[in-house]
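Input: a single structure, listed below in structure tokens.
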Amino acid sequence: MQELACGACGNRVLVEKFSPTHTSVQWLDDAETACPVFAEQAAAGVHSNSIPTCEKLRETIQHAAAAGVIPMDTHRHEPVLGHIR
């Protein structure tokens, strides 16, 4: 997994792409406190386990993949550490 910062809010996550449609994201902090989109939804009573994704983060990942910043990797690597070095 590779570190990536959201282009909208700067929140850092770990990302891995396995295909154009299969993306794995590991949040390093609680989504509802780290992401303004999730925080807004939580304030309205909708919590992160009910929200499929942050569209702004998804756009950042798609742009990074298209630019080759996040390479397509067809093999899963485990275990994944939950921190950035």
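Within the shell of other residues whose beta carbon sits under 11 angstrom from the beta carbon of Val46, the net charge comes to -2, with Lys and Arg scored +1 and Asp and Glu -1.
Beta bridges assigned by DSSP with both partners in the chain are antiparallel in approximately 90 percent of cases.
The accessible surface of the stretch 1-53, taken with every protein chain in place and a 1.4 Å probe, is 48 percent carbon and sulfur. What shape does the stretch 27-69 take by its C-alpha gyration tensor, where a ≥ b ≥ c are the square roots of the eigenvalues and a/c under 1.5 counts as rounded, a/b above b/c as prolate, and the rest as oblate? Here the stretch 27-69 falls in the prolate category. Every Cα-Cα pair of the chain was included, and the share exceeding 19 Å stands at 38 percent.
The values are calculated or read from the model by the stated rules, or taken from the named source; none is laboratory data. These numbers were taken from a predicted model, which means no experiment stands behind them. Backbone-built Cβ (ideal geometry, glycine too); neighbour counts: all protein chains shown. Side chains are part of the model used for accessible areas, which takes the heavy atoms of the whole protein and leaves out ligands, DNA and RNA. Shrake-Rupley method; radii C 1.70, N 1.55, O 1.52, S 1.80 Å.
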